[in-house]
Amino acid sequence: MPSKHKQIKTAESVISFCILFILSGVAAGVFVKQSHYCRRDFSVSLGEDLSVVMPVGFKIMDEMETYDAETLYEKINGKAELYLESGFKDLKCQRFVSQNNQELWIEIFLYDMGSARNAFSVYSTQKRPDGQTVSAFTLPHHYQTNNAFYFVCGGFYVEIIASVQSQELSNAARVIAVNIPTQLNIKEDRTIDEFELFADEALVAGSYKLFLKNAFGYNGLTDIFAAQYRVDNEAVTVFLSKRSDETEASAILKSYYTFMIKNGAEDIEDFDFLENSKAVDFYGSIEIIFSKGSFFGGIHQAENIVSARKAAIILSEKLTEANKK
Amino acid sequence: MKQNLTRREFVLRTVKAGVSVAAAAGISYLLYDGTGPTLESFKKESVALSDFSITPIDGQVISIVEGADRVETVRKAIDLLGGIERFIKPGEKVLIKPNAAFARSAGIGATTNPELLGEVVRLCYARGRAGQVVVTDNPINDPEGCFHLTGIGKAASLAGAKVIMPKQNYFSPTTLKKGRLIKDWPILFEPFKDVDKVIGIAPVKNHHRSGASMTIKNWYGLLGGRRNIFHQDINTIISELAMLVRPTLVILDGTEVMMTNGPTGGSLSDLRRRNTMIASCDAVAADSYGATLLDMKSADLPYLAKAEAAGAGIVDYSSLKPLMAQIAG
C-alpha cells in the first residue's frame, strides 16, 4: 500500500510539474511577444485587400494598410494636415510587385475624402504641372507622370506610385486606374457645378484648383475655385466662389479687401468698371475682387492691369448669366 | 486496504495547489500589459545626448561640391573639410542617422540615398578606421519596410554597418534644458550608447508643414511617442532638435531635390536635379544653404533663425567661408 501511495504521489508530482512547465512557457511567450514591438501590428486593419484591382503579372507584396484621421500621420507625416483639413475619412494602401522582377513594385493610395469636392481639392492643389492626360481614361480629373498616376474617382483621391520609371509599371498603373472605379464599385460623381462658370476662351486646360480653406493665404477665403487663363499672352488666375447669398458674397469681398490693405496692398486709382469691385496693387501684383449676386470672384496675381481687367469682365459676364438661372 | 487522505494531507495539498495557482497568477499579473505597447508606457531614467561635435576650425566648417555623382561629391565634400580622418578616430564607434522615414523607393527622393549612405559608411571604416558603424532611425512608416524598400538597410549592411531597428525599450525620456516642447519626451537613445561620433545624412526636400526638411529636421527621426503633435509648432520643435542633437558632421544631399509635394513626394517630376552636396559641422549653415536649392531664402524657414538665436549654428553660411568645388562629368 505504501508503494501505491507513492505511485499516486509521483503521478501527481509529474502532472504538477507539467502544468507548471506549461505555465512557465506561456509566461515566457508573453514576455517575448511584448518585447517585440511592431508598430504595423497595431495600426493596420487586416482582412481585406485590393487584389481585385491588381494587374496580371503582379502579386500582392504587402498586406493592405488602413489609416484613419488619428493614424494618417503614420503614413504621410507632415502632409496629413492637407487631407485632414479637406474632409479626409480614411486611407487604404497596398503594394503589388511584379512577378518577374522584385525591384518593380507599385503602391496604391486610396484616399476616401467623403465627397467629390474634397477629393478634387486635394487632387488639384497637388497637381504636377508636367502631368499628361491619358486619352483612354474616361474619368475627367486625372494625369500621369513618369512614374505615377493620379485621379479623382467619386469621393476618392487616388495615387498610384511606381518604385521606378518603367514601361511595365506605367502600364500596370493604367490598368489599376481603370480597375479601381469598376472593381471597387465607386460611382462617378460629377456634382461640381462650378466648372461651368468658367469661360472656355483662353482657359488653360486642366488648370482648375479648388481651395477649401486658406485660399491665397487668407483664412477667410474658403471654397474658392481658381483656373489659369492666357490673356494677351499674360498668365492670369481667375477665381470664383458661390456663397449662400448676396450678403455673404459682399461680406467676403469686404473682409478680403481689408486683409489685403492691412498687409500692404494699395488701391488702384480710377478703377470702377465693375460694380461692387475693388482693385489693388499687392506688391506689384494686381488683385481684382468683386461680388455679383451670391458669387464672389476676381483676378489673382496678374502682372498687368489691362489683361486683369479683360479677364475680370469675362468672369463678371459669366456670373451675371449664372445669377439669372 | 484503501488509502484514505488524512485531513492534514488534504490541507497541505490544498495549500500547495493554492500557492502554485497564486504564484502563476501573480507572475501573469506582473507581465500583463492591458494597454498594449505604447512608447509612453515606460518608466526610465531621463537621459541626455552627448555633444558629439568636434573642435571647430575656422574656414573648415562647410563645404559645397557640385557634381552629378553622389559618391564623388561626398568624398570631395568631406575631404575639403579635412577628410574623414578629421572626424573619426581609429577604433571609434560611429552612429549614422539617415532619413529612412518613408517606405519609398530611393528614386523618389523622400529618403537618404542608399549609395550615399554606403559610401559614408565605407569612408568611416576604410579611412576613419572606425571600430564600428551603426545606422538607425525611427521611421514614420513601418521600420522594417522602410529600411528595406529605401535600400538603406541593404546598403548599410553591405558596407559593414550594423542596422539598429527601433524597439520600444530603446527609447528613454529626455528633457531639453531651456526647451519648451522636448520635456520628458522619449527619444531613440539605446543606439547612442558608447557612440563617439554622430553623422546625419539627409536629402533636401520641400515639406508641407515646415517649408523644408533637411539636416535638422532629420533628427525628428529620433523622437518617439506621438510626435505628430509637434507639427502644431513645427518651427519650434525643429529649432529644439538643433539644440538637442550636436552632431559631428552633417551631410545634406542636394543632388536631386524634392521641390514640391514634400515630405513624401511620389512623382519623379517632384524632383529637380541640383547636383550639389554639402558637408558641414554646422547644421544651421547647411540648411541655410540648402534652402537656396529649394528656391527659398533662409528667412522663409523660421526655424533657422530660432536655431541660430539658441546658439545652434550660423544662418549666414557665407560668413563661414564655404569651401567650394566642382566635379566634372
Scalar couplings 3J(HN,Hα) for region B:316-329 by Karplus 6.51 cos²θ - 1.76 cosθ + 1.60 (θ = phi - 60°), nearest whole Hz, x for Gly and Pro, are 6, 4, 5, 5, 8, 6, x, 8, 10, 7, 10, 10, 6, x
Relative to the Cα centre, what is the charge dipole magnitude of region B:240-329, using +1 at the beta carbon of each Lys and Arg, -1 at the beta carbon of each Asp and Glu, and rounding to the nearest 20 debye? 160
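Which whole-number percent gives the relative contact order of chain A, counting Cα pairs below 8 Å spaced six or more residues apart?
Working: 558 pairs, mean separation 33.3, N = 325.
This gives 10 percent for chain A.
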Going by a 1.4 Å probe on protein heavy atoms, which residues of region B:103-151 end up with at least 10 Å² less accessible surface in the whole assembly than in their chain alone? B:ALA103, B:ARG104, B:SER105, B:ILE108, B:ASN138, B:ILE140, B:ASN141, B:ASP142, B:PRO143, B:GLU144, B:LEU149
Taking the 0 to 90 degree range and rounding to the nearest ten, how far is the long axis of helix A:167-183 tilted relative to the main principal axis of chain A, both from C-alpha atoms? 90
Take the Cα atoms of region A:181-280, build their convex hull, and give its volume per residue in Å³. 150
Run lengths n ≥ 4 of DSSP H only: what is the helix-derived mean residue ellipticity at 222 nm for chain A, with -39500 (n - 2.57) per run over all residues, to the nearest 500? -11000 deg cm²/dmol
Just how far, in whole angstrom, is region B:285-329 from region A:142-177 if you go by their alpha carbon centroids? 36
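Stick to Cα atoms and the Kirkwood definition of Rh, then tell me Rg/Rh for region A:111-218.
Working: Rg = 14.3 Å, Rh = 14.7 Å.
Radius of gyration relative to Kirkwood radius: 0.97.
Over region A:206-325, give the accessible area per residue in Å² for a 1.4 Å probe, as an integer. List each step's numbers first, then the result.
Working: 5930 Å² over 120 residues.
Heavy-atom SASA per residue in region A:206-325 reads 49 Å².
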Show the residues, 5+ positions off or on another chain, whose built amide H is closer than 5 Å to the amide H of A:GLY154. A:ASP189
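Quick one: compute a quarter of the convex hull surface over the Cα atoms of chain A and quote it in nm².
Values: hull surface 107.4 nm².
Projected area, direction-averaged: 26.8 nm².
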Just how large is the dipole of chain B about the Cα centre, in debye to the nearest 20, putting +1 at every Lys and Arg Cβ and -1 at every Asp and Glu Cβ? 1380
Apply the Karplus parameterisation 6.51 cos²θ - 1.76 cosθ + 1.60, with θ equal to phi minus 60°, to every residue of region A:146-156 and state each ³J(HN,Hα) to the nearest whole Hz, in sequence, with x for glycine and proline. 4, 9, 8, 10, 10, 6, 10, 9, x, x, 10
At 1.4 Å probe size, with the rest of the protein present, what percent of the exposed accessible area of region A:40-182 is carbon and sulfur atoms? 48
Would you work out which of B:ALA22, B:PRO322, B:ASN4 lies farthest towards the positive end of the dipole of chain B? Charges go on Cβ: Lys and Arg +1, Asp and Glu -1. B:ASN4
Taking +1 at the Cβ of each Lys and Arg and -1 at the Cβ of each Asp and Glu, which of B:CYS124, B:ALA110, A:THR71 sits farthest along the dipole of the protein assembly as shown towards its positive end, judged by Cα position relative to the Cα centre? B:CYS124
Along the dipole axis of chain A (charges at Cβ: +1 for Lys and Arg, -1 for Asp and Glu; origin at the Cα centre), the most positive-end residue among A:ASN101, A:VAL26, A:GLN183 is A:VAL26
Let me see the pair-distance distribution of region B:174-251: every alpha carbon pair, 10 Å bin width, integer percents in order. 17, 54, 28, 2
Please state, to two decimals, what the Cα-based radius of gyration of region B:227-287 comes to when divided by 2.2 N^0.38 Å (N = residues). 1.32
Please report, as a whole percent, how much of the solvent-accessible surface of region B:80-210 comes from carbon and sulfur atoms (probe radius 1.4 Å). 51
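Which percent, nearest 5, of DSSP beta bridges in the protein assembly as shown are antiparallel?
Once the DSSP bridges in the protein assembly as shown are tallied, antiparallel ones form about 80 percent.
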Convert each backbone phi in region A:247-253 into a coupling constant with the Karplus relation 6.51 cos²θ - 1.76 cosθ + 1.60 (shift: θ = phi - 60°), then list the ³J(HN,Hα) values in order as whole Hz, x for Gly and Pro. 4, 5, 4, 5, 5, 5, 4
Starting from the Cα coordinates of chain B, work out the convex hull volume and express it per residue in Å³. 181
With heavy atoms of protein chains only and a 1.4 Å probe, what residues of region A:160-209 have at least 30 Å² less accessible area in the full set of chains than alone? A:ILE161, A:SER163
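Largest first and in whole Å, what are the equivalent-ellipsoid semi-axes of region B:162-217 based on the Cα gyration tensor, each being the root of 5 times an eigenvalue? Kindly include the intermediate steps, with their values, before the conclusion.
Values: eigenvalues 101, 66, 27 Å².
Ellipsoid half-lengths, sorted descending, are 22, 18, 12 Å.
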Computed over chain A: longest principal axis from alpha-carbon atoms vs helix A:116-125 long axis, angle to nearest 10 degrees, is 80
Degrees separating the helix A:305-324 axis from the principal Cα axis of chain A, which is the longest one: 80
With a 1.4 Å probe on protein heavy atoms only, work out how much accessible surface B and A bury together, total over both chains, in Å² to the nearest 100. 3700
Relative to 2.2 N^0.38 Å, what does the C-alpha radius of gyration of region B:186-329 come to as a ratio? Two decimals please. 1.02
How large is the Rg to Rh ratio of region A:45-183 when both quantities use alpha carbon positions and Rh follows Kirkwood? 0.94
Relative to the isolated chain, which residues of region A:58-97 have their accessible area cut by 20 Å² or more in the presence of all protein chains (1.4 Å probe, heavy atoms, no ligands or nucleic acids)? A:MET61, A:GLU70, A:TYR73, A:GLU74, A:LYS75, A:ILE76, A:ASN77, A:GLY78, A:LYS79, A:GLU81, A:LEU82, A:ARG95
Where nothing but the Cβ of Lys and Arg (+1) and of Asp and Glu (-1) is charged, how large is the charge dipole of chain A around its Cα centre, in debye to the nearest 20? 1640
Relative contact order computed over chain B (Cα-Cα under 8 Å; 6+ residues apart), in percent: 23
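When the helix-only estimate is applied to chain B (DSSP H runs of n ≥ 4, each -39,500 (n - 2.57), divided by the residue count), what is the mean residue ellipticity at 222 nm, nearest 500 deg cm²/dmol? If you can, show how the numbers build up before the last one.
Numbers: 9 runs with 97 residues, N = 329.
So the calculated ellipticity at 222 nm is -9000 deg cm²/dmol.
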Counting sequence-distant residues (5 or more places) and residues on other chains, those with an amide H built under 5 Å from that of B:GLY67 are B:THR276, B:MET277, B:ILE327
Placed amide H near B:THR150: partners under 5 Å, 5+ positions off or other chain: B:ARG104
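Only helices at least 20 Å long along their axis, Cα-based, and averaging -1.0 or more on Kyte-Doolittle count here, so list those DSSP H runs from chain B. Present the calculation step by step, with values, prior to reporting the outcome.
Details: long enough: B:7-31 (36 Å, 0.77).
Passing helices, by number: B:7-31.
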Among B:SER280, B:SER172, B:SER269, residue whose mean-square fluctuation peaks in a GNM of chain B (springs only between Cα atoms under 10 Å): B:SER269
Ellipsoid semi-axes in whole angstrom, largest first, where each is sqrt(5λ) of the Cα gyration tensor of the protein assembly as shown: 53, 35, 25
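The values are calculated or read from the model by the stated rules, or taken from the named source; none is laboratory data. Please read these numbers as outputs of a predicted model, since none were measured by experiment. Positions of Cβ are generated from backbone atoms using ideal geometry, with glycine treated the same way; all protein chains shown enter the neighbour counts. Each accessible area value is taken on the protein alone, full model and side chains, heavy atoms only, with ligands, DNA and RNA left out. Shrake-Rupley method; radii C 1.70, N 1.55, O 1.52, S 1.80 Å.
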